[in-house]
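Reading through the structure tokens given below for one structure.
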Amino acid sequence: MLCGLAAAGCRVLGSGGAVRPDLYNCEGCAAVLEQPASALSSVSILAGPEEPGERLVLSGQVTVPDSAQPAEGVILYAHHTNAAGLYANGSQATEWSRRHGRLRGWARTGADGRYSFVTIRPGPYPDRTAPAHIHLFVGEPGRRPYYIDDVVFDGGFGVTAAYRSAQELRGGSGIVQLRRQPDGTLLAVRNISLERHPEP
Ligand SMILES: [Fe+2]
């Protein structure tokens, strides 16, 4: 659901931010809390050099709503398909380790609000029903977790005008540019503006 100022079902607050009543409707959000926050750092390695695929770093800054102020101590959970488009080779440790596959991990922002996931570029599902994407979930200290818009790659398969117009814009747009770095790695920058909460 696109929750703009004029959208039905959205409660408008202050200078333009809106509360999504369905913010916590989320499959897989329990995975955000699988790791203790104290064990996490701002850089999370999802894929080692043995993982097939193009090297990709997804990074950005998390900020508080309607502000450029960095948000510290926010857990981000990411998971995505492998280069073949499959959620493969997960462990049996938890429901989400099994369902989300091996390429998943957690980062926790520092005082500067920044995070990075070191991984590979995911492939689209083999049935080509969606763009290649990285799922992102947010866990703010003391708050229920929620998902934000998937990271997808501008110019890539499935990132069409229709896709663009249908974005929920949770956390801001998830459409990112890929930039090739001198060492051959792809860099994707996705800055995240935290959502307002329907609960006090
Ligand atoms: Fe997916």
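Bear in mind that the values in this text are calculations on the coordinates, not laboratory data. Keep in mind the model is a prediction, meaning the values are calculated, not measured. Because the Cβ atoms are built from the backbone with ideal geometry, glycine has one as well, and the counts that use them run over all protein chains shown.
Tabulated values for the structure
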item	result
Karplus (6.51, -1.76, 1.60) ³J(HN,Hα), θ = phi - 60°, over the stretch 161-178, in Hz, Gly and Pro reported as x	4, 5, 4, 4, 6, 8, 4, 6, 6, 5, x, x, 5, x, 7, 10, 8, 9
R0 of 22 Å, Cβ-Cβ distance Gln35-Gln167: FRET efficiency to nearest 0.05	0.15
Rounded, prolate or oblate (a/c below 1.5 giving rounded, otherwise prolate when a/b exceeds b/c) for the stretch 142-200 by Cα gyration tensor	oblate
Karplus-derived 3J(HN,Hα), 6.51/-1.76/1.60, for each residue of the stretch 79-91, Hz, glycine and proline x	8, 7, 6, 7, 5, 8, x, 10, 8, 10, 6, x, 8
Under Karplus coefficients 6.51, -1.76 and 1.60, residue-wise ³J(HN,Hα) of the stretch 105-111 in Hz, glycine/proline x	x, 10, 10, 10, 5, x, 4
Burial order of peptide ranges 177-190, 23-36 (average beta-carbon count within 10 Å, highest first)	23-36, 177-190
Computed [θ] at 222 nm, helices only, for the chain once each DSSP H run of length n ≥ 4 contributes -39500 (n - 2.57)	-1000 deg cm²/dmol
Positive minus negative residues near Leu33 (Lys, Arg vs Asp, Glu; Cβ under 14 Å)	+1
